[in-house]
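The values are calculated or read from the model by the stated rules, or taken from the named source; none is laboratory data. If you're wondering where the values come from, they're calculated on a predicted model, not measured in any experiment. Note that we place each Cβ from the backbone using ideal geometry, even for glycine, and neighbour counts take in every protein chain shown. Note: areas computed on protein heavy atoms with side chains; ligands, DNA, RNA excluded. Shrake-Rupley method; radii C 1.70, N 1.55, O 1.52, S 1.80 Å.
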Amino acid sequence: MDRRDFIKTTSAAAALGARMNTSAGATAPAQPDLIKVENTRPGADFQLTRMMPDDSKSHRTSKIEGYCSRQSVSAGEKLDIFVSTKPAARFGLEIFRMGYYGGAGSRLMTTLGPFEGKEQMVPEMGDQRLRECQWQASTTLTIPADWPSGVYLGRLSTQPNREQGTENPEPYWQSYIIFIVKDDRPADILFQCSDNTWQAYNQWPVKESLYTDPRAAHAPGVSVSFDRPYGKYVQILENPLSMGSGEFLLWEYPLCYWLEKEGYDVTYCSNVDNLDPANLTRAKTMISIGHDEYWDLRQYQNVKQAIANGLSVLWLSANDVYMVTPFTSNAQGAPNRRLTRETCYGEFREEEKEAYAKVLGPFENPGPDERDIIGARTVVPFNGGGDWTCAKPDHWLFEGTGMKKGDSIPGLVGWEFHGDPDTAREGLEVVAEGHVWAGGTRLGKYAATLFEGPKKNIVFNATTIFWSQGLSDPPGHMIPWSHYSRPHGPDERVQRITKNAIKRAIQ
């Protein structure tokens, strides 16, 4: 055995031993350099090349599409992968871990197949407008012990019977599946993906999301299932090459790419993983990123308690913790595979009820005020676009940015935001504030806030879904545009503010 084989063998044994110790109840090793080492590995191109929607108005591709049996999975656990091809076709699956990897943006972890694909049934609509697939698994993957926590994209590709170079070659077609590999090791940063909200807006197969009830866009008593493919991104831009990836490539990916480029000690989880309080207590700070609208009440309670216990939270996101959506089991009894919109967080003001009477509710028995864990809340109008304007240039948050009072970062606020800061909270500071214009003309006001927890931990509310657009512009990413406003992409000030917030949060 040469030195390279020895190191490889002993590293694998150490990883397996650590996993076994953890499963026996021991504390997992911290591994603070895990992500730095991981990103020294060769990168790969994960992007789709060929994808055909069913038609010009469709949000799905029946050529090849799939989903996974769980939102998140640990090393050593099994993940069922369900795939449908129409017409029946052989297919392969490449699985990528998303990160920096020298700028490539991902690492190819494994290639699976070929498999014999077949068309699988689109389920009928059930109670609460639920569409829930009961497909046969195409393959089962046991997550290897050496796969680090992260967001994983699977690239599905049909394999034509007649290859290129033949007289009459056939086209191939692609789409994604997506899942999260989680772990239980202590880490500086817990990166929580907003996959509840990905699923809430998912319109597979034919405009079947939490927003398509004929009563109202935000009607209560409507459900969605994670047991179905993700269609393409459906909201504020046209990105067919997002097919099957939820909303990750638009919102979470720029932060993932930037954090791993900078070498931060980060571990990843799904919304559902924060039903377990221990998932939060192992980290110094949790980051919510992008569009984090839909929360089970248990998530809220656990995060509130974790803040009281010293966890910092960075809300690099907006429209957060807006709708109470409890998890329930699917038809087979698998836990936490359905979401149901039940009510809202916090009481709506009368002017909000009047302005959005055709959109919101009516909601009874609202949940707790989201400002308790954020510092501000979603307000009406809850969408629009504007510039992110410094209000407290002498605050430590702005150290090294060169920003003066009134200086703005163009287009960084949108397409949804927070306002109405909790000024009754002792020590809460409004660090940025200004105006947005819904529909380009209807005036609204946002507020970015920061307050300290009881153990010198911090809660920073950046107040915009667009925040990650100022951090990086990785491969395959598209800068959004909404309400006639757009962010400008990576900005050194956004990067420095984020570094300042992280430094204080993990100290």
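Quick notes on this structure:
- Being within 20 Å of Leu314 (Cα to Cα), touching a residue at least 24 places away in the same chain (Cβ under 8 Å) and assigned to a strand (DSSP E or B) holds for only one residue in Thr389, Thr401, and it is Thr389.
- Subset of region 142-156 (residues that are outside any loop (DSSP other than H, G, I, E, B) and over 22 Å from the mean Cα position of the chain (by Cα)): Thr142
To keep it simple, each residue is scored yes or no on (1) open to solvent by 40 Å² or more (accessible area, probe 1.4 Å); (2) at pLDDT 95 or above.
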{"site": "Ser157", "(1), (2)": "no, yes"}
{"site": "Glu167", "(1), (2)": "yes, no"}
{"site": "Lys182", "(1), (2)": "yes, yes"}
{"site": "Gln192", "(1), (2)": "no, yes"}
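- Count of region 43-82 residues, restricted to those that are in a strand (DSSP E or B), in contact with a helix residue (DSSP H, G or I) (Cβ under 6 Å, 6 or more places away or on another chain) and open to solvent by 30 Å² or more (accessible area, probe 1.4 Å), is 0.
- Test for Gly310: is it within 30 Å of Asp54 (Cβ to Cβ) and either outside any helix (DSSP H, G or I) or touching a Lys or Arg at 6+ places or on another chain (Cβ under 7 Å) (or both): no
- Test for Tyr264: is it open to solvent by 10 Å² or more (accessible area, probe 1.4 Å), among the aromatic types (Phe, Trp, Tyr), touching a His at 6+ places or on another chain (Cβ under 9 Å) and more than 22 Å from Ser485 (Cα to Cα): no
- Selected residue (only one of Tyr356, Tyr345 is at negative phi, over 26 Å from the mean Cα position of the chain (by Cα) and among the hydroxyl-bearing types (Ser, Thr, Tyr)): Tyr356
- All conditions but one from (1) in a strand (DSSP E or B); (2) within 23 Å of Asn271 (Cα to Cα); (3) open to solvent by less than 30 Å² (accessible area, probe 1.4 Å) apply to Cys133; the one that does not is (1).
- Any hit, region 483-495, residues being of a type in the set (Ser, Thr, Tyr) and out of contact with any helix residue (DSSP H, G or I) (no Cβ under 6 Å at 6 or more places or on another chain): yes
- Cβ pairs under 6 Å, 6+ apart, first in region 294-321 and touching a residue at least 24 places away in the same chain (Cβ under 8 Å), second in a loop (DSSP other than H, G, I, E, B) and open to solvent by 10 Å² or more (accessible area, probe 1.4 Å): Asp296/Pro326; Ile307/Gly453; Gly310/Lys455
Per-residue answers, yes or no, for (1) over 23 Å from the mean Cα position of the chain (by Cα); (2) more than 21 Å from Arg371 (Cβ to Cβ):
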{"residue": "Gly444", "(1), (2)": "yes, no"}
{"residue": "Thr449", "(1), (2)": "no, no"}
{"residue": "Asn461", "(1), (2)": "no, no"}
{"residue": "Ile479", "(1), (2)": "no, yes"}
{"residue": "Ile497", "(1), (2)": "no, yes"}
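- Whichever residue in region 428-450 is of a type outside the set (Phe, Trp, Tyr) and open to solvent by 50 Å² or more (accessible area, probe 1.4 Å) and, among such residues, is farthest from Glu352 (Cα to Cα): Glu429
- Output for region 250-289, where each listed residue is assigned to a helix (DSSP H, G or I), over 13 Å from the mean Cα position of the chain (by Cα) and among the acidic types (Asp, Glu): Glu260, Glu262
- Scanning region 392-427 for residues that are over 27 Å from the mean Cα position of the chain (by Cα) and buried (at least 19 other Cβ atoms within 10 Å of the Cβ) yields Thr401, Met403.
- Residue within region 236-249 that is among the small types (Gly, Ala, Ser), part of a helix (DSSP H, G or I) and closer than 22 Å to Tyr67 by Cα present: yes
- Count of region 332-355 residues, restricted to those that are free of Cβ contacts under 8 Å to residues at least 40 places away in the same chain and in a loop (DSSP other than H, G, I, E, B), is 6.
- Every listed requirement among (1) farther than 30 Å from Arg228 by Cα; (2) polar (S, T, N, Q); (3) crowded, with 18+ Cβ neighbours inside 10 Å is met by Asn309 save one, (3).
- Some residue of region 118-126 being hydrophobic (A, V, I, L, M, F, W, C) and not in a loop (DSSP other than H, G, I, E, B): no
- The set of residues from region 353-385 being surrounded by 17 or more Cβ atoms within 10 Å (Cβ to Cβ) and among the acidic types (Asp, Glu) comprises Glu370, Asp372.
- Residue within region 330-345 that is aromatic (Phe, Trp, Tyr) and either closer than 29 Å to Leu471 by Cα or at pLDDT 95 or above (or both) present: yes
- Test: Ser485 is modelled with pLDDT of 95 or more, open to solvent by less than 70 Å² (accessible area, probe 1.4 Å), under 19 Å from Pro381 (Cβ atoms) and polar (S, T, N, Q): yes
- Residue-level check: of (1) touching a residue at least 12 places away in the same chain (Cβ under 8 Å); (2) within 26 Å of Ser482 (Cα to Cα); (3) part of a loop (DSSP other than H, G, I, E, B), Pro220 misses just (2).
- Residue that is farthest from the chain's Cα centre (by Cα), among those in region 186-217 that are hydroxyl-bearing (Ser, Thr, Tyr) and not in a loop (DSSP other than H, G, I, E, B): Tyr201
- Every residue from region 373-414 that is in contact with a helix residue (DSSP H, G or I) (Cβ under 7 Å, 6 or more places away or on another chain) and closer than 14 Å to Tyr322 by Cβ: Ile373, Arg377, Val380
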